[in-house]
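The values are calculated or read from the model by the stated rules, or taken from the named source; none is laboratory data. Quick caveat, the model's predicted, so the values are computed rather than measured. For neighbour counting, all protein chains shown are included, and Cβ atoms are generated from backbone atoms with ideal geometry for every residue, glycine included. Accessible surface is based on the protein model in full, side chains and every heavy atom, while ligands, DNA and RNA are left aside. Shrake-Rupley method; radii C 1.70, N 1.55, O 1.52, S 1.80 Å.
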Amino acid sequence: MIVAVVAAASPPISPPYLNSNPGSFGDRKQLLFKLQKCKSIQHAAPIHAHIIKNGNPNDPFILFELIRICSRCCSIEYASKIFRQTPDPNVFLYTAFIEVLVSSGAYFDGIRTYFQMIKYFILPDNYIIPLVLKACGSALDLKSGEQIHCQVMKLGLSSDRFLRVKLMELYGKCGEFNDAKKVFDEMPQRDVVASTVMISCYLDHGLVSKAMDEFRLVSTKDNVCWTAVIDGLVRNGEMNYALELFREMQMAGVKPNEVTVVCVLSACAQLGALELGKWVHSYVEKYNIQVNHIVGSALVNMYSRCGDIDEAASLFEDLKARDVTTYNSMIVGYALNGKSMEAIKIFQRMKHEGVKPTSITFSGVLNACSHGGLVDIGFDIFGSMETEYGIERRIEHYGCMVDLLGRVGRLQEAYDFIQKGNIAPDNIIWGSLLSACRIHKNFELGERVAKILLEYGAADSGTYILLSNVYASRGKFKEAAQVRAKLREEGVQKEPGCSSIEVNNEIHEFLLGDIRHPKREAIYSKLKELNHMLESEDYAPATDVISQDIEEHEKRWALSIHSERLAICYGLISTKPCTTIRVVKNLRVCNDCHSVIKLISKITRRKVVVRDRNRFHHFENGVCSCGDYW
DNA sequence: GTAGGGTTAG
């Protein structure tokens with residue numbers, strides 16, 4: 001299909017050179033030159049036909065150029081055909097052919113082809129070896145890689161810089177840092193490329209401080225080196241550190257490229273740092289950084305994960321380059337922000353425009369159905385996944401369906417859906433049903449589900465808390481206490497709640513009852529003022545979730561110092577009236593905070609946007625976009 | 001006469 005489209009779109013080929021005399025040297029040179037310029041095999045086919053008819057079809061130089069064209073347009077088939085028909089391929093042809101295989105991800109075929117060449121006694125050189133080492137690294141084929149390393153020594157090629165970089169990459173990818181470091185240390189002069197590979201090796205395996213030590217030793221850091229470190233820090237969850245380095249990079253006068261921008265946007269998205277994200281966006285425009293589909297997707301993702309879904313949507317519309325990931329970013333963004341119908345519309349548009357959805361598309365769109373309580377649409381889409389799109393339904397998709405049924409209170413159906421046995425349920429699926437049971441106050445089923453979760457032995461801290469809350473809600477305080485005791489006994493760590501807010505391009509983090517902030521006095525006096533105002537509102541604190549044996553007013557206080565409330569108070573005292581307050585929390589918002597934030601939005605006339613572990617809550621004038629189900 | 005390095009989004 002694609003081939004046909006490309007062929008149709010290609011300009012008609014009317015090459016005057018085809019009429020020239022193929023016998024003379026000049027014509028052959030001209031043909032080679034033309035082949036070097038070809039971007040696709042469609043352009044080259046008539047030239048190839050001409051050569052077969054009039055010239056020497058086994059000319060190794062011509063064949064070499066033909067296979068290189070296949071590399072440019074990822075045409076394994078055409079390359080294989082040429083390669084198979086070549087009587088005695090030389091090392092150049094092997095290199096070009098393996099390049100086609102490796103660039104298409106056929107690593108093992110590339111490695112096999114290389115060893116076949118060795119079998120035919122063709123001597124490898126310092127071009128083909130790095131290529132095959134790259135394949136070994138990508139395929140995590142350490143054994144073949146080591147074998148090739150031995151050949152490198154025997155052939156006396158180990159001083160080649162390119163080759164060393166690929167050896168390091170191989171060892172790094174396979175987790176053999178010592179070997180990677182050994183190759184690195186044996187280099188007479190360290191250059192920035194080798195250092196970047198070494199740093200990436202460490203970062204790929206979470207060795208942040210080793211990577212940073214190495215990074216600080218690099219004397220001339222270029223933008224790729226900076227970017228590799230920033231990206232690695234983001235992948236290791238060190239967002240603030242990554243942003244700090246991004247600032248440092250600019251101070252050092254190194255200009256970020258589009259890859260840098262994508263990594264920094266990812267950090268902003270994860271932190272919910274909208275102001276900084278906007279600044280990066282303006283930077284992209286100011287310095288003419290190309291907004292390709294990757295940068296476009298990263299921008300859409302950043303805006304939607306920072307809760308500015310309108311900006312994400314308008315940017316999405318303006319993008320010149322869109323691919324499946326861009327669509328996925330938009331769908332997931334809408335789902336996160338509770339805009340279910342919009343997510344479905346994008347999904348339909350995707351279908352209409354012939355963009356093939358992926359597994360992530362369906363996670364997004366089914367999630368949207370779940371947040372919107374759109375049961376019928378959700379089941380239609382779920383049903384179409386395999387039949388219409390040929391995409392395997394995975395556990396996360398089943399999870400969305402359980403969520404969907406649970407949300408609308410069809411708990412027994414959700415239970416039966418799990419029990420049908422189409423997929424082995426995990427603790428996330430049971431946990432979501434348990435949560436639904438709690439919200440719809442179906443304690444009988446809730447207890448049954450909770451017991452399944454405990455039998456599993458895979459219950460995390462959240463499950464224990466949920467189970468304890470189910471018991472507490474049924475008045476079974478003894479059981480609730482037992483579950484909490486078991487939680488402590490088994491040493492299941494409860495991840496501490498942490499909320500952050502961005503003010504003046506800085507991220508401020510708060511833990512439960514945090515008193516570390518320099519403005520703590522003003523924050524707590526705002527908190528007390530709000531608590532006082534809440535008393536005159538119709539608000540009853542959900543103190544029943546507090547399991548400690550303390551006085552009622554102490555329980556109220558324990559609830560009011562939840563991290564998100566501290567972050568909101570800081571937002572209230574440090575931003576202008578009417579500014580939207582945006583908070584990111586690592587856990588789910590508790591019931592009580594949810595009720596309180598609704599009231600805060602009403603009392604203070606501020607929009608409050610909270611991103612919790614699962615989704616966004618847009619609070620405005622006493623109402624939340626989630627419709628009180630999350 | 002043929003060729004080559006490190007960093008990108010959900």
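A few notes on this one:
- Single residue of the range A:269-312 satisfying the filter (polar (S, T, N, Q) and either without any contact (Cβ under 8 Å) to a residue 12 or more places away in the chain or within 23 Å of A:E502 (Cα to Cα) (or both)) that is farthest from DNA strand B (Cβ to nearest atom): A:S282
- Residue check for A:E99: within 12 Å of DNA strand B (Cβ to nearest atom), under 35 Å from the mean Cα position of the chain (by Cα) and among the acidic types (D, E): yes
- Test for A:S329: is it free of Cβ contacts under 8 Å to residues at least 40 places away in the same chain, open to solvent by 10 Å² or more (accessible area, probe 1.4 Å), within 15 Å of DNA strand B (Cβ to nearest atom) and within 23 Å of A:V583 (Cβ to Cβ): yes
- Being closer than 27 Å to A:H508 by Cβ, modelled with pLDDT of 95 or more and part of a helix (DSSP H, G or I) holds for only one residue in A:M212, A:M198, and it is A:M212.
- Helices (runs of 4 or more DSSP H) (entirely within the range A:300-369) containing at least 3 residues that are within 20 Å of the chain's Cα centre (by Cα) and more than 16 Å from A:R615 (Cβ to Cβ): A:309-318, A:324-336
- Matching residues, the range A:486-518, being of a type in the set (D, E, K, R), outside any loop (DSSP other than H, G, I, E, B) and in contact (Cβ under 8 Å) with a residue 60 or more places away in the chain: A:E502
- Verdict on A:L319 being open to solvent by less than 30 Å² (accessible area, probe 1.4 Å), touching a Gly at 6+ places or on another chain (Cβ under 7 Å) and either more than 9 Å from DNA strand B (Cβ to nearest atom) or over 19 Å from A:E258 (Cβ atoms) (or both): yes
- A count restricted to the range A:399-420 and to residues that are in a helix (DSSP H, G or I), free of Cβ contacts under 8 Å to residues at least 60 places away in the same chain and open to solvent by 20 Å² or more (accessible area, probe 1.4 Å) stands at 7.
- Within the range A:36-132, helices (runs of 4 or more DSSP H) holding 3 or more residues that are farther than 30 Å from A:Y171 by Cβ: A:41-54, A:60-72, A:76-85
- Any hit, the range A:286-293, residues being under 20 Å from the mean Cα position of the chain (by Cα), over 29 Å from A:W630 (Cβ atoms) and not polar (S, T, N, Q): yes
- Residues of the range A:240-267 satisfying the condition of being under 23 Å from A:R305 (Cα atoms) and open to solvent by less than 20 Å² (accessible area, probe 1.4 Å): A:A242, A:L243, A:L245, A:F246, A:P256, A:T260, A:V261, A:C263, A:V264, A:L265, A:A267
- Positions within the range A:145-188 being near DNA strand B (Cβ under 10 Å from one of its atoms) and either open to solvent by 60 Å² or more (accessible area, probe 1.4 Å) or assigned to a loop (DSSP other than H, G, I, E, B) (or both), in sequence order: A:L157, A:D160, A:R161, A:F162, A:K173, A:M187
- Taking the range A:521-620 as the region of interest, the helices (runs of 4 or more DSSP H) fully inside it that hold 2 or more residues being touching a strand residue (DSSP E or B) at 6+ places or on another chain (Cβ under 7 Å) are A:563-574, A:591-604.
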